[in-house]
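Asker: Okay, handing you the structure first.
The values are calculated or read from the model by the stated rules, or taken from the named source; none is laboratory data. Note that the structure is predicted; figures quoted are calculated from it, not measured. When we count neighbours, we look across all protein chains shown, and the Cβ atoms used for this are built from the backbone with ideal geometry, even at glycine. Just the protein is used for accessible areas: all its heavy atoms, side chains included, with ligands, DNA and RNA removed. Shrake-Rupley method; radii C 1.70, N 1.55, O 1.52, S 1.80 Å.
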Amino acid sequence: MNNDITTIAFDADDTLWVNEPYFQEAEKEFCILLENYLPQHSVSQELFKTEMQNLPLYGYGVKGFMLCMVETIGRVSENTASLELINKTIEIGKELLQKPIELLEGVTETLDQLKGKYRLVIATKGDLLDQERKLKKSGLQDYFHHIEIMSDKKESDYKKLLKHLDCQPKNFLMLGNSIKSDILPVLEIGGFAAHIPYHITWSHEQHNHHLEHDRFLELKSINGILNYL
Ligand SMILES: [Mg+2]
């Protein structure tokens, strides 16, 4: 990798800590709640449809997810579901907002190695308050120079981040578990990107094409980056 890198940005969910398994657990509970109306896998498809329709309005995060579950109840039950079902659904969402933070393997040792040598940044999507809560609970706050909670991770969002950091793309490296959000837009604007796969990926973030690029690295785990810097 190029040794002009000065700034390293990390995705947070499923890169630094566990996230998607909690969402999938919550979704499973929700599908069980609606089993009397539709088979679980169909409820799951309906929920995904609602999420995709609302993404431009709600953005990413738990609160939008909760509203999508409620909307899906209305559609799936043809507006016959009880308020009790809606209350249970809101509980599922609230639980999701109070999950413990479980750091992924190698995260602390990697940050320990990089701290002081590079400017470290978090670049994450999600609800502001929720991401702040997770960061606080993670105990990782002090490693980072800057935390960017982004409404999306498109090229224009990364350009804005780099401008804010006063950083050239050739000096920027992004690490994350989503090829679509953490890798492709960063390569597109001229930065470096390293992919750390996580065993579960949200359907919306899935990307199945093989990627080759001279500014791209595929890693097995987060500490793999230490061999390239
Ligand atoms: Mg992620």
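Asker: Find the Cα radius of gyration of the chain, compare it with 2.2 N^0.38 Å by division, and give the number to two decimals. Mind showing how you got there, number by number?
Answerer: On the way: Rg = 18.8 Å, N = 229, 2.2 N^0.38 = 17.3 Å.
Relative to the 2.2 N^0.38 Å estimate, the chain comes out at 1.08.
Asker: Report the antiparallel proportion of the DSSP beta bridges in the chain as a percent, rounded to a multiple of 5. The partial results should precede the final answer.
Answerer: Numbers: 1 of 23 bridges.
Close to 5 percent.
Asker: Could I ask something else about it? Compute the helix-to-body angle for 40-58: its Cα long axis versus the longest principal axis of the chain, expressed 0 to 90° and rounded to tens.
Answerer: 60 degrees
Asker: What is the P(r) of segment 30-143, as percent of Cα-Cα pairs per 5 Å bin from 0?
Answerer: 2, 10, 17, 17, 14, 12, 10, 8, 5, 3, 1, 0
Asker: Once the Cα atoms of helix 128-138 and of the chain are each reduced to a long axis, what angle between those two axes, in degrees from 0 to 90 to the nearest 10, is obtained?
Answerer: Helix 128-138 sits at roughly 60 degrees to that axis.
Asker: Another one. Semi-axes of the equivalent ellipsoid for segment 7-49, please: Cα gyration tensor eigenvalues, times 5, square-rooted, ordered largest first, whole Å.
Answerer: Details: eigenvalues 187, 21, 5 Å².
Each semi-axis is √(5λ); the values are 31, 10, 5 Å.
Asker: Okay, moving on. With just the Cα atoms defining each centre, how far is segment 148-207 from segment 65-99? Give it in Å.
Answerer: One Cα centre to the other: 32 Å.
Asker: Report, in debye and to the nearest 20, how large the dipole of segment 18-172 comes out about its Cα centre when Lys and Arg carry +1 and Asp and Glu carry -1 on their Cβ. Don't skip to the answer; put the middle values down first.
Answerer: Details: 21 positive and 25 negative charges, 158 e Å.
Result for segment 18-172 is approximately 760 debye, rounded to the nearest 20.
Asker: Looking only at Asp13, Asp157, Asp214, which one moves most when the chain is put into a Gaussian network model with springs between Cα atoms under 10 Å?
Answerer: Result for the chain, Cα springs under 10 Å: Asp214 fluctuates most.
Asker: To continue, here is another question. Might you tell me the accessible area per residue for segment 129-229, computed with a 1.4 Å probe and given in Å²? Walk me through the numbers on the way to the answer.
Answerer: Numbers: 5480 Å² over 101 residues.
In whole numbers, segment 129-229 has 54 Å² accessible per residue.
Asker: Okay, moving on. Between 0 and 90 degrees, rounded to the nearest ten: what's the tilt of helix 62-76 against the longest Cα principal axis of the chain?
Answerer: Tilt relative to the chain: about 30 degrees.
Asker: Given an 8 Å cut-off on Cα distances and at least 6 residues of separation, report the relative contact order of segment 169-221 as a percent. Numbers along the way, then the final one.
Answerer: Values: 83 pairs, mean separation 19.8, N = 53.
Computed over segment 169-221, the figure is 37 percent.
Asker: Of all the accessible heavy-atom surface of the chain, with the other protein chains kept in place and a 1.4 Å probe, what percent is carbon and sulfur?
Answerer: Numbers: 5780 of 11840 Å².
Answer for the chain is 49 percent, counting heavy atoms of protein chains only.
Asker: What distance in nm lies between label points placed 7 Å from Cα along the C-beta direction at Lys180 and Asn36?
Answerer: Simple spin-label model gives 3.4 nm for this pair.
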